[in-house]
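Before any comments, here is the structure.
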Amino acid sequence: MGPTEFALSVLASWLGNKIDFLLNNKESSDNKTDIKIEHPEKENKIGKFRTFDVWLELDDILSEIEEPVGHLIIETSPTTFYHLTALVLESRKTGEWYVFRRGRMSFQSTGGGKHQIETLLDKFVNRKIALALWSVEKEILDQFESGKLLWHELKQKLIPLRSSVVDQRDWDYLKKRAQEIIKEFYKR
């Protein structure tokens, strides 16, 4: 990744975060007026479960799951400049599962997204947690994260990352990089 691509990725991440903040917050701390943004689909449909933040809530949930398995799910079309990654923690013993939404992790980044993946992998390796890499269409992952699809429904649509085929020039590089990073951490 050259300096231009790096600068564009930083800008894209910042802009994506800014837009997400504006869309998800109805009050602006800079103004005393309310910003009202309508989300017709969100108003009519309530999700069936809550999602979590991998940076803020992973340790608490991980400490309570018996025999956890991690599922890293990479979207096949990018939400931002990168193909973002969601995490599902599932208990082999009880079958319970928890969804950690996209936005923090990416195998393509060189900064925060990569750092978050490495932090997650450190925790998984230290606790001997098995990990699977999957891919799925962005729209399906959107439905899952919004609570319109349940884990057992999403599982039927997942494709193992290694065998996934996507018509994008950087997809094979992304698959190779993700597998190399995982392999490097699990060799330790």
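Length, then width, then depth: along the principal axes, the Cα atoms of the stretch 83-177 run 39, 31, 23 Å. Spatially, the stretch 138-163 and the stretch 84-98 are offset by 12 Å when compared through their Cα centroids.
Annotated for the stretch 57-186: lysine pairs at least 8 residues apart or interchain, Cα distance under 21 Å, count 20. Taking every DSSP bridge with both residues inside the stretch 57-186, close to 65 percent are antiparallel.
Contact order normalised by length for the stretch 57-186, with contacts defined as Cα pairs under 8 Å and 6 or more residues apart; what percent is it? In percent, rounded to a whole number, it is 23.
Just so you know, all these numbers are worked out from the coordinates, no wet-lab data involved. Note that the structure is a prediction, hence the values are computed from the model and not measured.
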